[in-house]
Amino acid sequence: AAGEVVERPGSVVKELMENSIDAGATKITVSIEDGGRKLISVADNGRGMDGEDLASALESHTTSKIKTSQDLRGISTLGFRGEALASIASVAQIRAVSKTKDSPGANCIEIDCGDKGSVSPCSADCGTTIQVRDIFYKLPARRKFLKTANTEMGHITEHFTRIALGSHFAGSKQVLDMILYHNGRELYQLSGKQDVRQRIAELFSPEISENLIATESNEKGMHIFALLGRPDISRTNNKFQYVFLNGRFIRDKFISHAIKEAYRGSLEPNRFPVVFLFIQ
Ligand SMILES: Nc1ncnc2c1ncn2[C@@H]1O[C@H](COP(=O)(O)OP(=O)(O)OP(=O)(O)O)[C@@H](O)[C@H]1O
Ligand SMILES: [Mg+2]
């Protein structure tokens, strides 16, 4: 269905940020207005697109990330379906601006709920900026489903956090500065130079960061790095359990269960440990 990838503003932020990472960006700036109802903007300094690529990026089933069926076996990018941008463009007003290193100027394109304008020249630095305005404005039933700005912002922050941690540890190949604004106010400014503990201190709290025990091991071809919360910072729910597989946030019942078992005896049965687990 149209807009399937797009559940709420948070999912738009996730898809756009993942595209920026796939484009090799070292800086991503996310600016949100009114919990994402009014504006979701993601700007990166990645490799950008030329005019032709810009026009086709917004078509359904266009991806530059998979060229042969062999590629499906070794997906190293976050996106591969070629669906996200087209989905978002089918339920909102989009303006995309992009410039590659080699092209003399930038190009932009506007799309209004699937109604595509033509590519025209504009001025911008290398990289890509995608602005998504008035999400679901032609779909009142879905617009009504949006929660308060605070609640939507909570979802956006959660996606931002997952990407900030997942991308940060993925072999630390990609140094990534990340900034999040809401209504012009800076919520997070994360430096690509900080280590994972400093990042956790900024995203959660210094108290959590200081009470994590680091451990790592290599098993069965996997590398596992874990930051395990001391029992005193345990929580009443399992929301502070972050598991990443190759930089991608995952939830897995088997792993949740293993974490619970590992803490058995050191926590009350109704408490949940804080855990950050990075599996490569
Ligand atoms: N920020 C960006 N910088 C450079 N190229 C981009 C950017 N965002 C999108 N693209 C290009 O547009 C294409 C379509 O993006 P889209 O997110 O729709 O699909 P995808 O990332 O390939 O797969 P998925 O649907 O799983 O996210 C990408 O394959 C990429 O070539
Ligand atoms: Mg994508």
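The values are calculated or read from the model by the stated rules, or taken from the named source; none is laboratory data. Since the model is a prediction, treat every value here as computed from it, not as a measurement. Cβ sites come from the backbone with ideal geometry, for glycine too, and all protein chains shown count toward neighbours. Please note that ligands, DNA and RNA were not included when accessible areas were found on the heavy atoms of the full protein model with its side chains. Shrake-Rupley method; radii C 1.70, N 1.55, O 1.52, S 1.80 Å.
A few comments on the model shown:
- Scan of region 215-247 for residues that are in contact (Cβ under 8 Å) with a residue 40 or more places away in the chain, within 20 Å of Phe204 (Cβ to Cβ) and not β-branched (Val, Ile, Thr), ordered by number: Phe225, Ala226, Leu227, Leu228, Gly229, Pro231, Ser234, Tyr242, Phe244, Gly247
- From the options Glu152, Glu110, residue that is touching a Gly at 6+ places or on another chain (Cβ under 6 Å), in the same structural domain as Gly46 (by TED's automatic domain parsing) and free of Cβ contacts under 8 Å to residues at least 24 places away in the same chain: Glu110
- Checking Ile109 against (1) part of a strand (DSSP E or B); (2) within 22 Å of Arg8 (Cα to Cα), the condition it does not meet: (2)
- Checking Ser31 against (1) in contact with a helix residue (DSSP H, G or I) (Cβ under 7 Å, 6 or more places away or on another chain); (2) assigned to a strand (DSSP E or B); (3) closer than 17 Å to Asp134 by Cβ, the condition it does not meet: (1)
- Of all residue pairs spaced 6 or more apart or on separate chains, those with beta-carbon atoms under 6 Å, a first member in region 75-98 that is closer than 17 Å to Ser20 by Cβ and a second member that is small (Gly, Ala, Ser) and near ligand 1 (Cβ under 6 Å from one of its atoms) are Leu85/Ala57; Ser98/Gly48.
- Some residue of region 100-111 being under 19 Å from Lys27 (Cβ atoms), modelled with pLDDT of 95 or more and surrounded by 17 or more Cβ atoms within 10 Å (Cβ to Cβ): yes
- Count of residues meeting criterion [in contact with a Lys or Arg (Cβ under 9 Å, 6 or more places away or on another chain), loosely packed, with under 11 Cβ neighbours inside 10 Å and of a type in the set (Gly, Ala, Ser)] in region 162-221: 0
- If the condition is being hydrophobic (A, V, I, L, M, F, W, C) and either in a loop (DSSP other than H, G, I, E, B) or open to solvent by 80 Å² or more (accessible area, probe 1.4 Å) (or both), then region 142-156 contributes Phe145, Leu146.
- Evaluation of Asn238 against the conditions (1) farther than 23 Å from Thr77 by Cα; (2) open to solvent by 80 Å² or more (accessible area, probe 1.4 Å); (3) not β-branched (Val, Ile, Thr) shows that the sole unmet condition is (2).
- Residue pairs whose Cβ atoms lie under 6 Å apart, sitting 6 or more positions apart in sequence or on different chains, and linking a residue in region 48-71 that is on the phi > 0 side of the Ramachandran plot to a partner that is in a loop (DSSP other than H, G, I, E, B) and more than 15 Å from ligand 2 (Cβ to nearest atom), are Gly48/Thr100; Gly48/Cys126.
- Counting only strands (runs of 3 or more DSSP E) that fall entirely inside region 163-280 and contain at least 1 residues that are within 23 Å of the chain's Cα centre (by Cα) and more than 28 Å from Val42 (Cβ to Cβ), the qualifying elements are 222-229, 275-279.
Here is a yes/no grid of residues against (1) away from ligand 2 (no atom under 15 Å from the Cβ); (2) part of a strand (DSSP E or B); (3) among the polar types (S, T, N, Q); (4) open to solvent by less than 20 Å² (accessible area, probe 1.4 Å):
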{"residue": "Val42", "(1), (2), (3), (4)": "no, yes, no, yes"}
{"residue": "Arg47", "(1), (2), (3), (4)": "no, no, no, no"}
{"residue": "Leu54", "(1), (2), (3), (4)": "no, no, no, yes"}
{"residue": "Lys67", "(1), (2), (3), (4)": "yes, no, no, no"}
{"residue": "Leu85", "(1), (2), (3), (4)": "no, no, no, no"}
{"residue": "Phe136", "(1), (2), (3), (4)": "yes, no, no, yes"}
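- The set of residues from region 12-28 being within 9 Å of ligand 1 (Cβ to nearest atom) and open to solvent by 10 Å² or more (accessible area, probe 1.4 Å) comprises Glu15, Glu18, Asn19, Ile21, Asp22, Ala23, Gly24.
- Of the set (1) near ligand 1 (Cβ under 6 Å from one of its atoms); (2) in contact with a Pro (Cβ under 7 Å, 6 or more places away or on another chain), all apply to Ile40 but (1).
- Residue match in region 3-13 (condition: assigned to a helix (DSSP H, G or I), at pLDDT below 95 and either away from ligand 2 (no atom under 16 Å from the Cβ) or under 19 Å from the mean Cα position of the chain (by Cα) (or both)): no
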